[in-house]
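Nothing in this text is a laboratory measurement; each read-out follows from the coordinates by a stated rule. All of these numbers come straight from a predicted model, not from anything done at the bench. As a convention, Cβ positions derive from the backbone with ideal geometry for all residues, glycine included, and neighbour counts pool all protein chains shown.
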Amino acid sequence: MDGQCALCGLSNSVRICKNEEGKGPAFCSTKLYQDVIEQAFEEYKKEDIGTFAAEAARQEASAYSHDPRTGMLMPIKPRIVETMDFCRRMGYRRIGLAFCGALHTEASVISNIFKENGFEVVSVMCKVGGVDKANLGLTGEEKLRGDTFEPMCNPISQAKILNASHTEFNVLLGLCVGHDSLFLRYSEAMCTVLAVKDRLLGHNPLAAVYTNHSYYAYLSGKSLPVDEEGAAAAD
Ligand code: SF4
């Protein structure tokens, strides 16, 4: 049996992963993989990994405050602030920014924000090197503009340039699916993702998830819901 946390119907108040005396369903990952979880904890015992994990946990807690009216927890920091907070916690001063060319304007703003907050920044755009996609074996039909020069995204070079620049922490901005994977594989420094690429949804892939009951119902093999008058419910 495989772990199926995504399908767990238990509430946070009873889940075994959220409560010391909690419970889990038959497909519970906490119950199925006790040995793996114990092995994983050996990693946290390594000094550098343990420090990183502890600071990430401290960062998580610092991202909330209590609403003065209700006393309830509320988030107080956007991700870009958390990213800089975390760098300060870890003592990182030199940040790598690996970005997509379609987000050049945003990369410029982010680079300046980091610098204004006291960090050094090394930034590298995806097309660095200007290497034609033909070098990956792509034909004209597989390119966007036919049989003309078309530079490939070059995430391995992005990672290696930041490695050579001795960045202490790398921030990904809008790298494509797959290109981000290669960057993460080749980066020597720990990484975080400030934003992911979604060409259609303004770099907000969850928009398709939030509207899975309506416009994006087709992702689940369903038609657009229809109301009582027979009109599309999401028009
Ligand atoms: S670990 Fe178990 S209890 Fe927690 S979400 Fe996964 S299945 Fe549910």
(message) With bins 5 Å wide starting at 0, give me the P(r) of region 1-141 over every alpha carbon pair, in whole percents.
(response) 2, 7, 10, 10, 12, 13, 13, 12, 12, 6, 2, 1, 0
(request) Grab the Cα-Cα distance for LEU219 and THR51, subtract it from 0.36 nm times how many residues apart they are, and report the gain in nm with one decimal. (result) 56.4 nm
(request) Give the calculated FRET efficiency between LEU144 and VAL226 to the nearest 0.05, with a Förster radius of 35 Å applied to their Cβ-Cβ distance. (result) 0.40
(request) Using Cα centres only, tell me the gap between region 1-63 and region 132-174 in whole Å. (result) 36
(request) Hand me the tally of lysine pairs in the chain: alpha carbons under 24 angstrom apart, and the pair either on different chains or 8 or more positions apart. (result) 18
(request) Would you mind ranking ASP2, ASP132 so that the residue whose beta carbon has the fewest other beta carbons within 10 Å leads the list? (result) ASP2, ASP132
(message) Highest mean first, how do 136-149, 94-107 rank when packing is the count of other Cβ atoms within 10 Å averaged over residues?
(response) 94-107, 136-149
(request) Quickly work out the MET190-to-TYR44 label distance, labels modelled 7 Å from Cα along the C-beta direction, and quote it in nm with one decimal. (result) 1.4
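Out of all DSSP beta bridges in the chain, what portion is antiparallel? Express it as a percent rounded to 5. The partial results should precede the final answer.
Numbers: 5 of 22 bridges.
Percentage antiparallel, nearest 5: 25.
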(request) Name the helices (complete DSSP H segments) of the chain with a Cα length along the long axis of 20 Å or more and a Kyte-Doolittle mean of at least -1.0, or state none. (result) 47-62
(request) Just check the chain against the gyration tensor rule for me: Cα atoms, a ≥ b ≥ c as the square roots of the eigenvalues, rounded for a/c under 1.5, and otherwise prolate or oblate depending on whether a/b exceeds b/c. (result) oblate
(request) Give me Rg over Rh for region 78-199, both radii from the alpha carbons and Rh done the Kirkwood way, two decimal places. (result) 1.01
(request) Return, in residue-number order, each cysteine of the chain whose C-beta is not under 4.7 Å from any other cysteine's C-beta. (result) CYS5, CYS8, CYS17, CYS28, CYS87, CYS100, CYS176, CYS191
(request) Rounded to the nearest 0.05, what FRET efficiency do ILE113 and ARG58 give with R0 = 30 Å and r taken as the Cβ-Cβ distance? Could you check? (result) 0.85
(message) From the helices alone, meaning DSSP H stretches of at least four residues, give me the mean residue ellipticity at 222 nm for the chain, per-run term -39500 (n - 2.57), in deg cm²/dmol to the nearest 500.
(response) -10000 deg cm²/dmol
(message) Students often check this: by mean Cβ neighbours within 10 Å, which of 69-78, 203-212, 189-198 ranks highest, and how do the rest follow?
(response) 189-198, 203-212, 69-78
